[in-house]
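Okay, structure first, notes after.
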Amino acid sequence: MAAPRPAAPPSLVAPVTVPPKPGPVAAPVTPPLPPTAPGPVATVTVSGDVKILHVKPPIIVRDFALAIGVKPFRLISELMDMGIFGSLNQAIEEAVATKVAEKHGFLLEVKHRGDAAPVAPVKEKVKPVEEDESKLLEPRPPVVCILGHVDHGKTTLLDTIRKANVAAGEAGGITQHIGSYQIEHNGRKITFLDTPGHSAFNKMRARGANTTDIAILVVAADDGFMPQTDEALKYIKAAKVATIVAVNKSDVKGANFDRVKLQMQERGIAPEDWGGETIAVKVSGLKGDGVPELLDYILLQADVMELKANPKAPATGVVVEAQVEVGRGSTATVIVQRGTLRVGDAVVCGAAYTKIKALFNDKGEQVKEASPAMPVKIIGWSATPEAGAQFKVVKNEREAKSVAEEAEHALRKQATQASAAPKDTSVEKLFAEIAATQKPTLKVVIKSDVYGSAEAVRNFLEGIKSDKVALEVISSDVGLVSKNDVLMAGAAGAIIIGFNTRLENGVTPLAKHHGVGIQEYDIIYELADKVKESMADLLPPDLREIKLGGAEVRATFPVAKGVVAGCLVTDGKITRNAKARVRRGREVMHESTIDTLRRFKDDANEVRAGLECGIGLDGYFGYKPGDVIECFDVQKIRASL
C-alpha cells in the first residue's frame, strides 16, 4: 500500500516545472489573441503580421463573435448595418463572415470537409475563372431601343420590322408599355424594345435607354424634334449608347430631311454626311421604305461594338416589365444579359423570387431556355418584381428565398431609418403642412396592368400641382381591381383609378355599397383630364350672378299682407320666385325673393320690359318711389385648379 502513495506527488511537481518554461517560449504572441479561447470552434495562427482565423462551417453568430473578440450583440449590430438581420444562433454566409473578419484584422479561412489548406485553392480558383470567362465569350444579338416623341411612328416602324400589327392593339394608337421583341435579319437576331412616347412615361423610356446597346431615335420628317424627342435624347446621352436616327414619315407631305439634320447638328449629334458620327436613315414605317437599310446599319454598329456574352455562366439580366396576370399571378418580361436562363432555374430579383416552371418568348410560345439578349416572360413570382431591377440565378429555390428575404429586411430597415430620421421643423415647413391639411384632398388608389404603367400613372398624378387641392396616392399596384382595393379605398375615402385593367367579380356592387368611385381608363391623357376634373369637384363652385331684369318703383299700395310696390319694368324681365334686391341709390336696402308679382289684378309668372306690375319681396315693406328692384339669378360654375 506504500507504493501507490508516492505516485501522488508528481502532480505537485508538474506545476513546479511549468514556471521556467514561459520564459524561453515566445508566449507574448498568444496573449493578444483572445480568439484562441473558443478552441474547438475556431483557432488562430499568425503568419508574419497576418492573423489567420480558422473556422469550420456553419459559422454561428455567437461563436464567431467570440472568435474575433467582440460581444455577440455588437456583431449583430454590425450585421444589421450590412442589411442582414441575424440572431445569436443563426448561421451567416462565408462572404459576410470574411468581410466582418477583415474589419477586425483577421484573414478568415473556412475549413471545409476534406480541405487541408483552403487558402491556396481559393486563390487558384479565382484566376482560372477570369481566364475562362474571356475564352467563353461568344457574340450575342444587339439589344436595340426605339425612342421618340408620341405619334412619330415608333410602333408602326417596329410593326413593319416584325410584320405584326401591334399599334392597332394599343389604346388610342399610342404605346403605353415597354414591348420587347426579337427578329431575324440576314440570319442574325436583333432584340427590340419599344417604349412609350407620352411625357408621363419618362421613367419607362429611361429604363429602355439604360438596358440597350443601340438606341434608335425616331423623328418624324414633317414635325422634326419635339419635347419628348429631346427628352429621349437626354436619356440616350446619359446612358452613353450608340445612336441611330431614323427619320420616319419621309414620304408624307411636308417632310424635310435637311431640317431634321440641322436639328441634329444643333443638338450635338451631327449626321455622318455632315461630318458627324451619327447615322441618319430615311424610313417609312407604313410602306417599309428604308427598313432593310436601317437593320443593316444596326448589325454593322453591333459588329463595330463587338457585343459578346458568356452563355455558360449563371444567368443574369434585367426586368423590362412586370405585371399580374389572371391565372398566372405575378409575371415579368426580362432580357438575359449574361448566361443562359433555363426552365427549373431558381431566380431572385430584389424581394421577389421564383423557380422557373415555364418560359415564354415574345410570340407567346413556350421555350426551354433563353440565351443572352433574348427577351422572355417568367411566371410564378412570389411577388411582383420591380421593373428595371436586376435578376440573377442562384443555386436553388431555398437560397433564392433566403436572398429575397434579406433584401426585404434591408428595405424595411431603410424605411424604418427614413421614418426615424430628423425632419425639417422650420416655421415655413410647419405653416406649409398646416396649409396642406386645410386643403381638400383627392385620395386615389391606382391599379394597372403592368408595373411600368402604375409607376407612370403615379408619377404623373403626383406631378399635378394645385394651390387649392392636394392629391394623395394611397396605394399603387398591379393586377385586377379587387375587393380589398374597394375596402381600402372606402376606409380612406379614396377613389380607385384602373388603368388598362379590369374588375374582379363582385367588385361593382361592393363599391356601390361603400360609396367608392371606380374610374377605368386605357389612355393616359384621358386619365389626366378626368382626375383634374375630380380634383376641381372637391372645390366649392364659383358663384356667378346673372341679371334678369330691373324695375323702377313708381308708387306704393297697401294690401292685406303689407305693402306692394307699383313698378315699371325698365329692362329684361321680372320673374316670380327669382332672387331680387331693393336698391336705393348705391345702398342695398333688402335682398330676398319675389313672392308677389301681379299684372293688374291677376298673378303673373313674369313681366317683361315696358309693362307695369306690382312687386312684393318676401319680408320687406319699406318701398319708396325711385327705388330700383333688380331681379337676378345665381349660377354655380365648376371651380378651376
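Quick note: the coordinates plus some simple rules give every number you see, no bench work behind them. The model shown is predicted, which means the values in this text are computed figures rather than measured ones. Every residue, glycine among them, receives a Cβ derived from its backbone with ideal geometry; neighbour counts consider all protein chains shown.
The lysines whose alpha-carbon is closer than 16 Å to the alpha-carbon of LYS532, local same-chain residues fewer than 8 away aside, are LYS439, LYS443, LYS465, LYS468. Here LYS237 and GLN390 are evaluated by their C-beta separation; at R0 = 22 Å the FRET efficiency comes out at 0.45.
Restricting the GluC sites (Glu not before Pro) of segment 331-411 to loop positions (DSSP other than H, G, I, E, B) with no more than 12 neighbouring Cβ atoms within 10 Å leaves GLU365. Rounded to whole numbers, the Karplus 3J(HN,Hα) couplings from phi for segment 89-95 are 9, 8, 8, 10, 6, 5, 5 Hz, using 6.51 cos²θ - 1.76 cosθ + 1.60 with θ = phi - 60°, and x at Gly and Pro. Remark: relative contact order (segment 316-414) = 36 percent; criterion is Cα-Cα distance under 8 angstrom and separation of 6 or more residues. A straight Cα-to-Cα reach below 13 Å connects LYS601 with the aspartates and glutamates GLU612, residues fewer than 8 places away in its own chain not being considered.
Can you flag which of LYS355/LYS392; LYS249/LYS308; LYS312/LYS363; LYS368/LYS395; LYS56/LYS103 are past 23 Å Cα-Cα?
With Cα atoms farther than 23 Å apart: LYS249/LYS308; LYS312/LYS363.
Relative contact order of segment 456-532: what whole-number percent is it, with Cα pairs under 8 angstrom and at least 6 residues apart?
Value for segment 456-532: 28 percent.
Taking the square roots of five times each eigenvalue of the Cα gyration tensor of segment 495-541, the equivalent ellipsoid has semi-axes of 21, 17, 4 Å, listed largest first.
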